[in-house]
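The values are calculated or read from the model by the stated rules, or taken from the named source; none is laboratory data. Worth saying up front: this structure is predicted, and the values here are computed from it rather than measured. Backbone-built Cβ (ideal geometry, glycine too); neighbour counts: all protein chains shown.
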Amino acid sequence: MQIIGKENNTDESVTKAFPINFNRKECMLPKRLGIFTLTLLAGLMLSTGSVRAEHATPTALAANSELENTERNVRDSGGATLTPEDQKETGDDRKITAAIRQSIVKDKSLSLDAHNAKIITRNGIVTLRGPVENSAEKIKLQSIAEKNLEVKQVDNQLEPKTP
């Protein structure tokens, strides 16, 4: 016997009130149709996403475009230059990098490129890399890094866009 609310209902009375005969096989068709639809939709989304990405390939960019940095990427992948992946995971090196980054971001006179400069710290030696607007920004970022007392040396590899 089931009790719903204040009424007493038996299984038989519920069956008589709702004479729908539930068959599990009847439910399988909508489930399979739903899975098929979901699979089809996911496939379409994946295929259209890759088509959009083709427009941003290096061959689609103009040779003189500021966005064309293939040569720089090839240089950085050679292992001869430091990249952010070379950042040491020691607590002191992370603190140095974080402190320098905070100081750079607080300085609103710097360009967006300067705010996004790569800061790589290894055993207290800081390497600054990336593009900046001019040589004044290059010097300013180096002085910000040198102000940190835990910095042993600064290797300034920043690349000014204009002299």
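Quick one: in the stretch 104-159, of everything that is acidic (D, E) and more than 19 Å from D92 (Cβ to Cβ), which residue is surrounded by the fewest Cβ atoms within 10 Å (Cβ to Cβ)?
By that ranking, first place goes to E159.
Please find, within the stretch 67-94, the residue that is modelled with the lowest pLDDT out of those that are loosely packed, with under 14 Cβ neighbours inside 10 Å and over 22 Å from the mean Cα position of the chain (by Cα).
R75
Among the residues of the stretch 101-112, is there at least one that is under 21 Å from T162 (Cα atoms), modelled with pLDDT of 55 or more and touching a strand residue (DSSP E or B) at 6+ places or on another chain (Cβ under 6 Å)?
Yes, the stretch 101-112 contains a residue that is under 21 Å from T162 (Cα atoms), modelled with pLDDT of 55 or more and touching a strand residue (DSSP E or B) at 6+ places or on another chain (Cβ under 6 Å).
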